[in-house]
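Chemist: Could you have a look at this structure, given as structure tokens, before my questions?
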């Protein structure tokens with residue numbers, strides 16, 4: 001067996017076009033997961049037991065089942081329930097966003113609980129409404145503690161986005177697979193895809209360190 005990377009050099013631009021699709025899916029899913037994760041976290045630390053129970057159940061389900069299963073249920077299974085097909089891109093965003101929300105909610109919940117209880121007590125003593133206290137006092141402090149964990153979740157989401165190839169989304173992995181099928185050789189294009197993912201992760205890691213450093217200087 002011999003490897004021949006030269007025949008794949010002309011296909012690299014085609015594979016690189018998948019970066020845009022991958023980043024769009026990841027960014028959209030991250031925003032959805034972050035927004036819904038905040039809601040779930042507030043439910044978990046709230047006083048309404050039913051909402052707490054529902055948030056915990058949601059987290060248990062999405063953390064306890066494979067992401068690829070959730071993606072396939074939304075893309076292949078939901079049309080059976082709702083009567084129309086879902087495109088690959090929104091299906092991926094919904095699946096990744098809902099899955100990420102379960103993990104992010106735990107991260108945010110831990111961050112909120114890590115904030116000194118005196119902050120909350122002082123705000124309550126001054127008569128600050130609960131929503132205002134959370135938005136302006138508790139959450140900003142919590143985010144400083146959980147930023148590394150959030151960046152790690154974003155990086156994980158970037159890597160896990162490769163599973164969208166099972167529903168035909170034209171991301172990095174899907175394009176590498178198409179090239180491999182066209183050339184009847186898969187090792188080289190898949191290795192190229194792996195290098196691209198690695199570079200993306202390294203860029204996100206460095207970006208996270210820069211943001212974390214600036215937030216520490218602002219303390």
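The values are calculated or read from the model by the stated rules, or taken from the named source; none is laboratory data. What you see is a predicted model, and the numbers here were worked out from it, not measured in a lab. Cβ coordinates were reconstructed from backbone atoms using ideal geometry, including for glycine residues, and neighbour counts include every protein chain displayed.
Chemist: Quick check on segment 179-202. Is at least one of its residues within 16 Å of the chain's Cα centre (by Cα), in contact (Cβ under 8 Å) with a residue 40 or more places away in the chain and within 30 Å of residue 42 (Cβ to Cβ)?
Modeler: no
Chemist: Which fully enclosed helices (runs of 4 or more DSSP H) of segment 115-168 have 2 or more residues being surrounded by 16 or more Cβ atoms within 10 Å (Cβ to Cβ), at pLDDT 80 or above and in contact with a helix residue (DSSP H, G or I) (Cβ under 9 Å, 6 or more places away or on another chain)?
Modeler: 139-160
Chemist: Please go through segment 169-180 and pick out each residue that is part of a helix (DSSP H, G or I) and under 25 Å from residue 86 (Cβ atoms).
Modeler: The first filter runs over segment 169-180 and keeps only residues part of a helix (DSSP H, G or I), leaving 172-180.
Across segment 169-180, the qualifying residues are 172, 173, 174, 175, 176, 177, 178.
Chemist: OK, next. Working carefully through the options 199, 192, find the one that is surrounded by fewer than 19 Cβ atoms within 10 Å (Cβ to Cβ) and over 23 Å from residue 103 (Cα atoms). Spell out how you get there, then give the answer.
Modeler: Working: 192 fails: surrounded by fewer than 19 Cβ atoms within 10 Å (Cβ to Cβ).
It is 199.
Chemist: Output the qualifying pairs, or none if there are none: Cβ atoms under 9 angstrom, residues six or more apart or on different chains, first residue in segment 120-149 and in contact (Cβ under 8 Å) with a residue 40 or more places away in the chain and on the phi < 0 side of the Ramachandran plot, second residue assigned to a helix (DSSP H, G or I) and surrounded by fewer than 11 Cβ atoms within 10 Å (Cβ to Cβ).
Modeler: Close Cβ pairs satisfying both conditions: 144/216.
Chemist: Filter segment 41-55 down to residues that are closer than 20 Å to residue 96 by Cα and at pLDDT 95 or above and give me whichever is surrounded by the fewest Cβ atoms within 10 Å (Cβ to Cβ).
Modeler: Looking at residues that are closer than 20 Å to residue 96 by Cα and at pLDDT 95 or above, I get 54.
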